[in-house]
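Below are the structure tokens for one structure; questions will follow.
What follows is calculated from the coordinates using simple rules that are stated; it is not laboratory data. In this text the structure is predicted, and so the values were computed from the model without any measurement. Neighbour counts run over all protein chains shown; Cβ positions are idealised from the backbone, glycine included.
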Amino acid sequence: MTDFQLQRLGMVMEPEPGNPQEIEGVLNPGAARGPDGHLYLFPRLVAQRNYSRIGIARVKFNQDGDPCGVERLGIALEPEADYEKTSHGGGGCEDPRITFVEPLKCYVMAYAALSSIGPRIAFAISKDLFHWKRLGLATFAPYDGIDFVHVNNKDASLFPVAIPNHCGKMQMALLHRPLFPGTRPEETACQEGPREVDLDHESIWISYCPMPIEGSEPESIGLFNSHYRLAAPVAPWARLKVGAGTPPILTRHGWMIIYHGVSEMDKPNSEGHPLCYSAGVMVLSKEHPDEVLYRSAEPILTPMLSQERFGIVANVVFPTGIDRRDDLALPDRFDVYYGMADSRIGVARLDLPEFLPSGGVAAEPKGKV
């Protein structure tokens, strides 16, 4: 096998009829194996007026070991803190990514907190996946004139271990994609033909902060005061925007991320949505995670099924959760959980190739894309 192989396994969750908490969709779940060995999803549950909670669901498997559904178990987080509420009674806890941070011996959830100033990255921690304690908003120091504080930010996830920053210091590291004004795909799509990419403002970043004391339960996450630009839009399938997806997971090739990219639709569907969200693979060096070893020249998942092409937002596959299938003694198999048209949750099987494929896009754009 010389390429990343991906096979859709089906839809595992959709809105429950009659449930007002899910009337506008279930989507973009975090995923984590609990201390009991079971796999849990943490879907975004959307009620009327885009009011979002983060649920808890146990994944069910069929006799072949493939995910086939979920058992709903309640709510992990709902808007309670000021930074999760808007002035008109709305708000949201959205799009969680969950990582078991080994030095802390606990799970850390990075999620988007929606308040009146827009989405910001927030953190919560848990020992058992059922009881969560908020740690507040992520804080960032400026870098080379770039203000990470006063812009929308989401799609964030943590590495599970301390990793070396670009100066070699072992720290906690966060992947995130600040959404600076003018960089939303609805805005960049307005430019006809090739366009210049603003590398500083259109990239996925790695930001670093001191790792909390090992084995302790932190009261907050420290200031992210070291930053490195990781990946900008390169390939045509992601020419309008790239963003972080699943939390980084270590493979024999390096740290693997399933990320999303946005392009224009050749022909918008009947709902008139002009954009297409697809997914690709990125592999980072194990020793130097700010070094990109491989990026997908072509997407490994793009909207094809009706559940991916039609929904609250059409033409979207949005990866957020990943599960290594060690339980099946298949360490090279990964189940990727993703949002389908902002309405449902699907899962696909990704098989790790023996070698990194040739022809992967690793360089950032030198000119126009």
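Using modelled amide H (1.01 Å from N, peptide plane; none on Pro or chain starts), what sits under 5 Å from the amide H of A231, excluding residues fewer than 5 places away?
Counting only residues 5 or more places away or on other chains, the set is I204.
Please work out the FRET efficiency for the pair Q7 and R252, using the Cβ-Cβ distance as r and a Förster radius of 35 Å; give the result to the nearest 0.05.
On the way: r = 21 Å, r/R0 = 0.59.
Once rounded, the FRET efficiency stands at 0.95.
Between segment 206-243 and segment 15-53, how far is it from one alpha carbon centroid to the other, in angstrom?
Cα centroid of segment 206-243 versus Cα centroid of segment 15-53: 25 Å apart.
Compute the length gained on full extension between H88 and M304: take 0.36 nm times their separation in residues and subtract their Cα-Cα distance, giving the result in nm to one decimal. Don't skip to the end; give the middle numbers.
Details: separation 216, 0.36 × 216 = 77.76 nm, distance 3.74 nm.
Computed gain between H88 and M304 is 74.0 nm.
May I ask which of K85/K127; K105/K241; K105/K169 have a Cα-Cα span longer than 28 Å here?
From the list (K85/K127; K105/K241; K105/K169), the Cα-Cα distance tops 28 Å for K105/K241.
Can you tell me which of L104, L73, L137 moves the most in a GNM of the chain? Springs connect C-alpha atoms under 10 Å apart.
Comparing L104, L73, L137 in the GNM, the peak value goes to L73.
Now for a different question. Mind ranking 145-155, 49-59, 118-128 by how tightly packed they are, going by the mean number of other C-beta atoms within 10 angstrom, highest first? Walk me through the numbers before you get to the answer.
Values: 145-155: 16.8, 49-59: 21.3, 118-128: 19.6.
Going by the mean number of other Cβ atoms within 10 Å, highest first, we get 49-59, 118-128, 145-155.
Right, here's the next one. Can you put F130, F318, F4, F61 in order of Cβ neighbours within 10 angstrom, beginning with the fewest? Write out the running numbers ahead of the final one.
Details: F130 12, F318 25, F4 21, F61 15.
Sorted ascending by nearby Cβ count, the order is F130, F61, F4, F318.
Here's another thing I want to ask about it. So how do L350, L293, L45 line up by other beta-carbon neighbours within 10 Å, fewest first? Spell out each step's value before the answer.
Numbers: L350 23, L293 17, L45 30.
Final ranking by Cβ density, sparse to dense: L293, L350, L45.
I've got another one for you. Only one of the listed values, (i) -0.55, -1.02; (ii) -0.19, -0.86; (iii) -0.25, -0.94, was derived from the coordinates as log10 I(q)/I(0) by the Debye sum over Cα atoms at q = 0.06, 0.12 Å⁻¹; which label is it?
Of the labelled values, this structure produces (ii).
Taking amide H atoms as placed 1.01 Å from N in the peptide plane, list the residues 5 or more away in sequence, or in a different chain, whose amide H sits under 5 Å from that of L293.
For L293, the qualifying residues are V283, L284, S285.
According to the square roots a ≥ b ≥ c of the eigenvalues of the Cα gyration tensor, what is the shape class of segment 67-123, taking rounded for a/c under 1.5, prolate for a/b larger than b/c otherwise, and oblate for the remainder? Please list the in-between numbers first.
Working: a/c = 2.59, a/b = 1.43, b/c = 1.81.
Oblate, because a/c is 1.5 or more while a/b does not exceed b/c.
Grab the other residues whose beta carbon is less than 12 angstrom from that of S52, score K and R as +1, D and E as -1, and report the net. Intermediate results must be reported in sequence, preceding the final value.
Working: positive: R44, R49, R53, K85, K154; negative: E22, E24, E78, E84, E94, D95, D342.
So the environment of S52 carries a net charge of -2.
Now for a separate question. Of the candidates A141, A329, A76, which one comes out as most mobile in a Gaussian network treatment of the chain with C-alpha springs shorter than 10 Å?
For the chain, modelled as a Gaussian network with Cα springs under 10 Å, the answer is A329.
What whole-number distance in Å separates the alpha-carbon centres of segment 123-141 and segment 60-122?
Segment 123-141 and segment 60-122 have Cα centres separated by 10 Å.
Around C106, which amide H atoms from residues at least 5 apart in sequence, or from another chain, sit under 5 Å from its own amide H, with H modelled in the peptide plane?
Close amide H contacts, sequence-distant or interchain: V101.
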